[in-house]
1. Looking for something buried (at least 18 other Cβ atoms within 10 Å of the Cβ) and either under 16 Å from the mean Cα position of the chain (by Cα) or assigned to a helix (DSSP H, G or I) (or both) - is there at least one such residue anywhere in segment B:155-164?
2. Got a sec? Which of B:Ala103, B:Ala116, B:Ala141 is modelled with pLDDT of 95 or more and at the interface with chain A (Cβ under 9 Å from one of its Cβ atoms)?
3. List pairs: first residue in segment A:123-145 and on the phi < 0 side of the Ramachandran plot and free of Cβ contacts under 8 Å to residues at least 24 places away in the same chain, second residue assigned to a loop (DSSP other than H, G, I, E, B) and buried (at least 17 other Cβ atoms within 10 Å of the Cβ) anywhere in the structure, Cβ distance under 8 angstrom, at least six positions apart or on different chains.
4. Quick one: A:Ala16 ticks every box in (1) surrounded by fewer than 22 Cβ atoms within 10 Å (Cβ to Cβ); (2) under 13 Å from the mean Cα position of the chain (by Cα); (3) of a type in the set (Gly, Ala, Ser) except a single one, so which number is it?
5. Please tell me if A:Gly108 is at positive phi, out of contact with any Asp or Glu (no Cβ under 8 Å at 6 or more places or on another chain) and more than 7 Å from every other protein chain (Cβ to nearest Cβ).
6. Working only within segment A:279-292, note down all residues that are of a type outside the set (S, T, N, Q), touching a residue at least 12 places away in the same chain (Cβ under 8 Å) and assigned to a loop (DSSP other than H, G, I, E, B).
7. Being more than 24 Å from A:Gly35 (Cα to Cα) and of a type in the set (Gly, Ala, Ser) is the filter; apply it to segment A:59-76 and report the residue that is farthest from the other protein chains (Cβ to nearest Cβ).
8. Return the total of residues in segment A:23-39 being away from every other protein chain (no Cβ under 14 Å) and either within 22 Å of A:Leu211 (Cβ to Cβ) or touching a Ser or Thr at 6+ places or on another chain (Cβ under 7 Å) (or both).
Number of protein chains: 2
Amino acid sequence: MKILALSGGIGGAKLALGLSHVLPAGALSVIANTGDDFTHLGLRISPDIDTLCYTLGGLDNPVLGWGRADESWAFMETLGALGGETWFRLGDRDLALHVWRTAQLAAGATLSAVTASVAARFGIASAILPMSDDPVATRVATTEGTLDFQEYFVHRQCRPVVRGLEFAGAAQARIAPGAQAALAAPDLAAIVICPSNPFISIDPILAVPGLRAALRAAPAPVIAVSPLIGGKAVKGPTAKMMQEMGMTVDAAAVAAHYGDLLDGFVLDSADAATRIPGVASIAAPTLMTGLAEKIALARAVLDFAAGLRA
Amino acid sequence: MKILALSGGIGGAKLALGLSHVLPAGALSVIANTGDDFTHLGLRISPDIDTLCYTLGGLDNPVLGWGRADESWAFMETLGALGGETWFRLGDRDLALHVWRTAQLAAGATLSAVTASVAARFGIASAILPMSDDPVATRVATTEGTLDFQEYFVHRQCRPVVRGLEFAGAAQARIAPGAQAALAAPDLAAIVICPSNPFISIDPILAVPGLRAALRAAPAPVIAVSPLIGGKAVKGPTAKMMQEMGMTVDAAAVAAHYGDLLDGFVLDSADAATRIPGVASIAAPTLMTGLAEKIALARAVLDFAAGLRA
């Protein structure tokens, strides 16, 4: 029995970690958003893949919420002294992953192959699968013009007012073979859309031609977990974006955004009173502060899926 | 009054540091060998320029003899854990220079411009001038085949038996504008060939078309400092190479190698008895263990030059 998750960075990686603890080794596959990927200082950086690798490899930094726990900053400090850009923080150890990935990609390896090799080195039993090996670049249409994703997200700290999202290259991108195989796995028991930002973490995945259809075609139930708690985002700009794009900021609007893709929807216990029309739903604690909470949410989602299959 | 030095890495940088202490700020220009430059892990590395920058910037590591004193190795350790190549040691702070240079070169900057910017950031008053902004790659013909320079020098630790050297790209390389201007400076009082390896540090500089002629045409005396002490190299493969290439391993052979380029030759006090035919010579202590010794040798060389000018 296989479980497939769709994930962005932090919030998604937390649920993926919970799922990996509940499931037998190798049962979990995670399709990762690569729309945030960018080239910075000549280095190919895949923030969501990195967060998944660090989180599932037990190397993540729970204080920062990104990067590695055992990190040092000599590189960044020296780069600043040389006059280099320091708005995107690259730790000494994190940097090794980017330099290594960049060198491997330059040598002709696919992002899928590099990611699999890194995950193996980190001792990760789950499969971390880029949505595509082709470039897809999320761009944010704002009232201040269209911005590259990291310019909006990190450099401008999500301050510009969002009008919409574009996924440059998505129309030409092919689903990566690993993701394709995971979507078509005959023993797939559930597809979980993690509590990631729907617009910048999940929509880029869904924008890859054929991916949405593959989700619909899969016999396994598709269940999304709400990224909102009490109408607010745990972290990141989900609620702010919804407001700026004229949406009601609640779990029902998230469910409606995914629409007929969903067979089930998990909203936070704080939002239990919110009616989710047209789709089966349950409420569960989704904050996932510690490992126990991640595992509990994973169990709730898998139980929900089992009920939907029955 | 200007002084121009030709230098490779460690030994040359030591004399350059001595000269920089003796001369007024801005009087020293150093033409640096770039034949050792290579691309590793996608990073553009210029070992001799880096050593000059670190040494003249007071950042050098006197224990290792390369790299920075305030170095850490988190990047290298993590790269090794990922399965990356670790034979060329890149410290966390050193790495910032390579990443920054690579990004600047990719953006269209010349090596000369990047080097000048780095030197300025390090507070270096002397000019560090790449011999050329065009690629020149030293290759080592050995009994085990022709090897890329760093493969021979670092990876194989100079073990293969040398038959000769090639400077790929040299015939097409142009003297960098900064080096050209330094060679043609009207107030040039001396040209110092530092006690670097003649074959792998100085010959690549001399292989750039027009550079040898510019040295001969300069009215300033050209003085070489022997890299041998008592017929041995202080560090590095100079003596081993001379032996393998069938040369007598002594200061006279070094002077003969430079031939009619020289107006003067400085040999170590230990070799004072060695006759240097056809060129004025003095003996002086050349070991340069501390700053005082570097300054003393710089003074001896400059006094010698003044005598040759008179």
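The values are calculated or read from the model by the stated rules, or taken from the named source; none is laboratory data. Being a predicted model, the structure only gives us computed values, none of them experimental. Note: ideal-geometry Cβ built from the backbone for every residue, glycine included; neighbour counts use all protein chains shown.
1. no
2. Working: B:Ala116 fails: at the interface with chain A (Cβ under 9 Å from one of its Cβ atoms); B:Ala141 fails: at the interface with chain A (Cβ under 9 Å from one of its Cβ atoms).
Answer to the check: B:Ala103.
3. Correct list of pairs: A:Thr142/A:Pro160; A:Thr143/A:Pro160; A:Glu144/A:Pro160.
4. Condition (1) is where A:Ala16 drops out.
5. yes
6. A:Val279, A:Pro285, A:Leu287, A:Met288
7. In this case the residue turns out to be A:Ala69.
8. Taking segment A:23-39 as the starting set, the residues that turn out to be away from every other protein chain (no Cβ under 14 Å) are A:23-37.
Subset that is either within 22 Å of A:Leu211 (Cβ to Cβ) or touching a Ser or Thr at 6+ places or on another chain (Cβ under 7 Å) (or both): A:27-37.
The total comes to 11.
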